[in-house]
Amino acid sequence: MFRSSIFLTLLAGSLAAGLDITATTNLTELPVNSLFTKWRTTYHFTAPQGWLNDPCGAMYDPTRDVYHLMYQQWNPNDVQWGNISWGHAVSRDLVDWVDVGGWKGDAAAALVTGPEAYDSKGIFSGTGHAINLQGEVDGTLALLYTSVSALPTAWNIPYIPNTESQSFALSHDGGKTWGKHPGNPIIVDPPSGWNITGWRDPFYLPWPEMDKVLNKPEPHWYMVMGSGIRGVGPRIPFYSAPASNLTQWTFLGALWEPKDNETFGNVLETGSYGFNFEVSGFFSLKDEQGNDHFYATMGAEGGGVPGHGRWALWAEGEVSRCANGSAQFDPVAVGAADWGNAFLYAITSFDDTKKGRRVSWGWSQEDMNNYGVNAQGFQGAMGLPREVFVHKTYNVVADNQTATIPTNAKYSAPGPDGTYTVTSLGVKPLPDVVRRLRRRAEKKHEIEDKKYTCPEQLEGISSAHFELSATIRDAHVPVGFVVRASPGAEELTTITFDPARNLIAVDRSKSSLIQEFSNVTASGDYKPYTISTCEPDDNEVDTEVEDIQMNIFVDGSLVEVFVGGRFALTTRIYPVRDDALGVGIYVAEGAEAEVVDLKVWSGIGSVWPKRPVDTSNSTSTA
């Protein structure tokens, strides 16, 4: 248990805690917005107020040197899903953001429903590029989105015919205003013969590598969507259009054909495909040697695993040309893009041509069990922008079974020394964003390297908005960190690596004294590799197990955990005590572990320079 002590240092620049509440306060009886600042993030992307979910239209505009991020279902007058429009903000550096149109009332709404019937019920998710409809860079911005004409729509209810179509919206003034393409919708019908569970969230991109695979004589753009065939399995329909006319799309086929709720491997390592895909993506990345790796991403609905009614997944696959001219995708590794329970979902990505990298965004839902959300006055935030990349680990020692079983990594053929190169989809918060956030922290704490034999508080660190970075060595029992701890340990959250179970876990059993909030442990599979350290002519076998390099970001209720460049977990915590601000080390009793390079950046401030601390909407009807 975390040691009890009095925390002497409080975060000087933290947000106001809001109304004074206790574990027995009935949050449903509190005024709307009365807890607006209590658990709100400071350094993550979120809407000014109300509801937020899927990230949309993320792009870099080279003609103006500006990044854009839009967000689906921006609902300023309610904390629940509805209105189904897009909000919009821009940034020069992916750190500081400004609402396009302002933050008050309906000002941040950029793309709204109607007036035509084809999108009168919703502007569902989509992607954007800084191009015109001839694929040219001339200052035009083009959003491709799902236009919705009927509701409800969900994978587990009968699909209303003609519910969804695909449409363009264009801007010629850098995103200040948008106009819908007069030829909308540009794609009206789902694939012929499919009894669909859904057909939405277009993800489109130029792709010379795919041109090469499909032997295209002229440049094309490519698009995927999320879908499924009822009673058969989830699908990713694949389309192409000539670069000179992005309104003329041809359906090529499904990337691959998983069965309902099929798993690639052990479901606790690879997740479940569920019954319907949504917010799908398809792209390639180059490794250190310049070789192409092809990846699909998808939101899988209906997986049926406790804590994972849906999954955010990635898959690496071998890609080949089919006889009909489509692409065949054969998965060789599948994993969770995020492992949390209030995890990052609706993950999308864009090509950051300014920095030469692929950047992903995802939505972190709340985990309040719908209790107290009216008093909070908003729901949802984006995780930190992440880079996805080809992650390779060399000289891995493994047996043949480990190297051949389907899992969330791809093992090469064994080398001359019997070791393997292991490949997976890497993920990390953008390094330049992290550096800028650290610079704006109120204080940097550097803790001496030390072997710990029992839990220990880190003196002088007290914050609700911070980053912790450390390396754990020689862990033979669960070891990690305690965050958001109250002086008497009435509330605390423990984040550990358990080497016996190869598990990263966020224990939320004591995160909040409010029993109505979810307190299920969030956890995910993480296996440190055993690395051969032998020299080429060394006859002795010498190995070492990877250290656990961990970065933890705590921002109000939002917690993100990154490990080893190939693991991410997002979850939520809601301490009721205003003094639940402590940070410490956790080591199982009677054990020992070394923690090195431990640093904490506390008091990370706002990334919204033009917003006040409290942007709650006084006209809310929530």
**OP:** Filter the stretch 421-432 for residues that are assigned to a helix (DSSP H, G or I) and over 17 Å from the mean Cα position of the chain (by Cα) and give the result.
**Re:** 432
Subject >> Residue check for residue 240: closer than 30 Å to residue 402 by Cα and either touching a residue at least 60 places away in the same chain (Cβ under 8 Å) or in contact with a Ser or Thr (Cβ under 9 Å, 6 or more places away or on another chain) (or both) >> reply: no
Subject >> Subset of the stretch 172-185 (residues that are open to solvent by 10 Å² or more (accessible area, probe 1.4 Å), in a loop (DSSP other than H, G, I, E, B) and either small (Gly, Ala, Ser) or at positive phi (or both)) >> reply: 174, 183
Subject >> Candidate set: the stretch 286-315, residues that are open to solvent by less than 20 Å² (accessible area, probe 1.4 Å) and of a type in the set (A, V, I, L, M); chosen: the one nearest to the chain's Cα centre (by Cα) >> reply: 312
Original post:
Could you say whether any residue in the stretch 376-392 is of a type in the set (Gly, Ala, Ser) and not assigned by the TED database to the domain that holds residue 95?
Top reply: no
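Each row is one residue, and each column tells you yes or no for (1) over 22 Å from residue 330 (Cα atoms); (2) not aromatic (Phe, Trp, Tyr).
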{"residue": "218", "(1), (2)": "yes, yes"}
{"residue": "223", "(1), (2)": "no, yes"}
{"residue": "241", "(1), (2)": "yes, yes"}
{"residue": "249", "(1), (2)": "yes, no"}
**OP:** Can you run down the residue pairs with Cβ atoms below 9 Å, 6 or more apart or on separate chains, where the first is in the stretch 474-501 and open to solvent by less than 20 Å² (accessible area, probe 1.4 Å) and at pLDDT 95 or above and the partner is of a type in the set (Lys, Arg) and assigned to a strand (DSSP E or B)?
**Re:** 491/484; 492/484; 493/484
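Yes or no, residue by residue, for (1) within 20 Å of residue 269 (Cβ to Cβ); (2) touching a strand residue (DSSP E or B) at 6+ places or on another chain (Cβ under 8 Å); (3) in the same structural domain as residue 567 (by the TED database):
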residue: 301; (1), (2), (3): yes, yes, no
residue: 308; (1), (2), (3): yes, no, no
residue: 319; (1), (2), (3): no, yes, no
residue: 327; (1), (2), (3): no, yes, no
residue: 346; (1), (2), (3): no, yes, no
residue: 351; (1), (2), (3): no, yes, no
Subject >> Single residue of 188, 213, 232 found to be closer than 22 Å to residue 317 by Cα, open to solvent by 60 Å² or more (accessible area, probe 1.4 Å), among the aliphatic types (A, V, I, L, M) and at pLDDT 95 or above >> reply: 232
**OP:** Go through 545, 583 for me and flag whichever is of a type in the set (A, V, I, L, M, F, W, C) and open to solvent by 70 Å² or more (accessible area, probe 1.4 Å).
**Re:** 545
**OP:** Could you give me the residue pairs with C-beta distances under 9 Å whose first residue belongs to the stretch 605-616 and is over 14 Å from residue 47 (Cβ atoms), whose second residue is open to solvent by 70 Å² or more (accessible area, probe 1.4 Å) and part of a loop (DSSP other than H, G, I, E, B) wherever it lies, and which are 6+ apart or on separate chains?
**Re:** 605/440; 605/442; 606/440; 606/613
Original post:
Of (1) surrounded by 19 or more Cβ atoms within 10 Å (Cβ to Cβ); (2) over 27 Å from residue 535 (Cα atoms); (3) in contact with a Lys or Arg (Cβ under 6 Å, 6 or more places away or on another chain), residue 441 satisfies all except one. Which?
Top reply: (3)
**OP:** Tell me which residues, restricted to the stretch 507-516, are buried (at least 18 other Cβ atoms within 10 Å of the Cβ) and either free of Cβ contacts under 8 Å to residues at least 24 places away in the same chain or under 10 Å from residue 572 (Cα atoms) (or both).
**Re:** 507, 508, 510, 511
**OP:** Might you let me know whether the stretch 571-578 holds any residue that is open to solvent by 10 Å² or more (accessible area, probe 1.4 Å) and assigned to a loop (DSSP other than H, G, I, E, B)?
**Re:** yes
Original post:
Do the conditions hold for residue 318, that is, is it surrounded by fewer than 20 Cβ atoms within 10 Å (Cβ to Cβ) and either part of a loop (DSSP other than H, G, I, E, B) or of a type outside the set (Gly, Ala, Ser) (or both)?
Top reply: yes
Subject >> Answer residue from the stretch 384-419, given it is open to solvent by less than 20 Å² (accessible area, probe 1.4 Å) and over 24 Å from residue 296 (Cβ atoms) and is nearest to the chain's Cα centre (by Cα) among those >> reply: 396
Original post:
So which of 37, 28, 42, 22 ends up being touching a His at 6+ places or on another chain (Cβ under 6 Å) and not assigned by the TED database to the domain that holds residue 358?
Top reply: 42
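So that you can scan it fast, the table gives a plain yes or no per residue for (1) open to solvent by 20 Å² or more (accessible area, probe 1.4 Å); (2) in the same structural domain as residue 471 (by the TED database); (3) in contact (Cβ under 8 Å) with a residue 12 or more places away in the chain:
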| position | (1), (2), (3) |
| --- | --- |
| 535 | yes, yes, no |
| 555 | no, yes, yes |
| 562 | no, yes, yes |
| 566 | yes, yes, yes |
| 595 | no, yes, yes |
**OP:** Please identify the pairs in which a residue from the stretch 276-292 that is part of a loop (DSSP other than H, G, I, E, B) has its Cβ atom under 7 Å from the Cβ atom of a residue that is open to solvent by 10 Å² or more (accessible area, probe 1.4 Å), counting only partners at least 6 apart or on another chain.
**Re:** 287/293; 287/390; 287/392; 288/392
Subject >> Residue within the stretch 459-472 that is closer than 26 Å to residue 485 by Cα, crowded, with 17+ Cβ neighbours inside 10 Å, out of contact with any Cys (no Cβ under 8 Å at 6 or more places or on another chain) and among the charged types (D, E, K, R) present >> reply: yes
Original post:
If residue 418 passes every condition in (1) outside any strand (DSSP E or B); (2) touching a Gly at 6+ places or on another chain (Cβ under 9 Å); (3) not basic (Lys, Arg) but one, which one does it miss?
Top reply: (2)
**OP:** Inspect the stretch 464-478 for any residue being over 24 Å from residue 505 (Cα atoms), among the charged types (D, E, K, R), in contact with a strand residue (DSSP E or B) (Cβ under 6 Å, 6 or more places away or on another chain) and not in a helix (DSSP H, G or I) and give the result as yes or no.
**Re:** no
**OP:** With respect to residue 169, determine if the residue is open to solvent by less than 30 Å² (accessible area, probe 1.4 Å), assigned by the TED database to the domain that holds residue 85, closer than 18 Å to residue 121 by Cβ and in a loop (DSSP other than H, G, I, E, B).
**Re:** no
Original post:
Given (1) touching a residue at least 60 places away in the same chain (Cβ under 8 Å); (2) open to solvent by less than 60 Å² (accessible area, probe 1.4 Å), where does residue 267 come up short, assuming only one miss?
Top reply: (1)
Original post:
Any idea how many residues of the stretch 138-153 are over 23 Å from residue 240 (Cα atoms), of a type in the set (A, V, I, L, M) and open to solvent by less than 30 Å² (accessible area, probe 1.4 Å)?
Top reply: 1
Subject >> Residue in the stretch 205-223 that is free of Cβ contacts under 8 Å to residues at least 60 places away in the same chain, under 28 Å from the mean Cα position of the chain (by Cα) and within 22 Å of residue 299 (Cα to Cα) present >> reply: no
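The values are calculated or read from the model by the stated rules, or taken from the named source; none is laboratory data. Just so it is clear, the structure is predicted and the values come from calculations on it, not from any experiment. Counting neighbours? That spans all protein chains shown, and the Cβs are built from the backbone with ideal geometry, glycine included. Ligands, DNA and RNA are stripped out before the accessible areas are found, and what is left, the full protein with its side chains, is counted by its heavy atoms. Shrake-Rupley method; radii C 1.70, N 1.55, O 1.52, S 1.80 Å.
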